[in-house]
Amino acid sequence: MSLDVAHLPRVARKHYGRYVAAVVVVAVLVAIVVSFAGGQIEWSVVGQYLTTRAILTGVVNTFVMAVFAMIVGLALGVLFAVMRMSRNPVTRGVSYLYTWIFRGTPQLLQLFLWFNLALVFPYFVIPGIVEARTVDLMTPFVAALLGLGICQGAYTSEVVRGGILSVDHGQTEAAQAIGMTRFQTLRRIVLPQAMRVILPPIGNEFISMVKLTSLASAIQYQEVLHSAQNIYYANNRVMELLFVATFWYLIVVSLLSLGQLVVERRFSRGVKR
């Protein structure tokens, strides 16, 4: 026996949990806004220092450091990813050792090690080419570039290796069948296809690199956080200057996120989702 239910009215289900969660979230946000609005923060000071020369110089230095450190990381990442997949046990072992060391130690520690390298090697010598004191060469910029870039290479190598492994092995076999060398196969066949897998995490790593440049303030590199610190040491407006640094980090990261979206769409054309 079947019942005719077509004539019954339709009643939307009540999601009371959603309503409660929304009210709680809004209440928390309002409480946060009210707390900051009523706190001892001079917002006029924040606006005053947003575009000062010292802060803008720090923003430029932050971006420059992130770009160059990421270039170093990408170059090392591709190199050590290929070494990790080599049939040579020596190159595989060196790649594994590199990844193990630089992923296993804090980046701030690595920055201090590079910055104080002169304590171990007082002179940097390439016979017949250059001879100089290490303390003169290892400036805050160079130490930060090496510390951030080499460490980034360890993470990037795993991203690149995962991207290469995502390409079907038949592509490599087909390329070798028509006489392409291993390098040609990697450059023309494997890497272009692997970029669809590699780009999203690399974009995230670049965004993380922008924020990691703040560690360089510990070795006196003048990025945006260090510039803000120098100012609030003088005027004692700590929170105001930290908000200034926060604003610029958010601006740079937002622009990079937009750029990442554009690049990902470019490489994902023709891919069925």
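What whole number of Å gives the distance from the Cα centroid of the stretch 150-193 to the Cα centroid of the stretch 1-68? The two parts, judged by their Cα centres, are 41 Å apart. Computed from the alpha carbon atoms alone, the convex hull of the stretch 106-231 holds 146 Å³ per residue.
Sorting ILE41, ILE129, ILE101 by accessible area (1.4 Å probe), largest first, what list results?
Correct descending sequence by accessible area is ILE129, ILE101, ILE41.
Using R0 = 41 Å, the C-beta based FRET efficiency linking VAL26 and ARG187 works out to 0.15.
Over the chain, DSSP H runs of length four or greater, each weighted -39,500 (n - 2.57), average out per residue to a 222 nm ellipticity of -23500 deg cm²/dmol.
Treating each Cα of the stretch 85-128 as an identical point scatterer and ignoring solvent, apply the Debye formula and state log10 I(q)/I(0) at q = 0.13, 0.22 Å⁻¹. The Debye formula, applied to the Cα set alone, gives -0.50, -0.82.
Counting only whole DSSP H helices of the chain, the ones at least 20 Å long by C-alpha along their axis and with mean Kyte-Doolittle hydropathy no lower than 1.6 are 16-38, 53-84.
Taking only the C-alpha atoms of the chain, Rg followed by Dmax gives 26.0, 100 Å. Counted residue by residue at 0.36 nm each, then reduced by the alpha carbon distance between them, the extension gain from VAL67 to MET85 reaches 3.8 nm. For the chain, the solvent-accessible area with a 1.4 angstrom probe is 64 square angstrom per residue. Per-atom-type breakdown for the chain gives carbon and sulfur 66% of the accessible area (1.4 Å probe, protein chains only). Between VAL64, VAL244, VAL130, the Gaussian network model of the chain with springs among Cα atoms under 10 angstrom shows the greatest mean-square fluctuation at VAL130.
Each distinct pair of alpha carbons in the stretch 125-180 adds a 1/r term; the inverse of their mean, the Kirkwood radius, is 15.2 Å.
Here the Debye sum runs over all C-alpha atoms of the stretch 68-108 as equal scatterers in vacuum, and log10 of I(q)/I(0) at q = 0.14 Å⁻¹ comes out as -0.33. Put THR51, THR105, THR213 in order of accessible area, highest first, and with a 1.4 Å probe you get THR51, THR105, THR213.
With all pairs of different C-alpha atoms in the average, the Kirkwood value for the hydrodynamic radius of the stretch 1-157 is 21.8 Å. In percent, rounded to a whole number, the relative contact order of the chain is 25, using alpha-carbon pairs under 8 Å and six or more apart. Multiplying the sequence separation of SER44 and SER208 by 0.36 nm and subtracting their Cα-Cα distance, what value in nm do you get? Answer, rounded to one decimal: 56.0 nm.
The values are calculated or read from the model by the stated rules, or taken from the named source; none is laboratory data. Note that the structure is predicted; figures quoted are calculated from it, not measured. Here Cβ is always computed from backbone atoms with ideal geometry, including for glycine, and neighbour counts include all displayed protein chains. The area values use the complete protein model at the heavy-atom level, side chains included, leaving out ligands, DNA and RNA. Shrake-Rupley method; radii C 1.70, N 1.55, O 1.52, S 1.80 Å.
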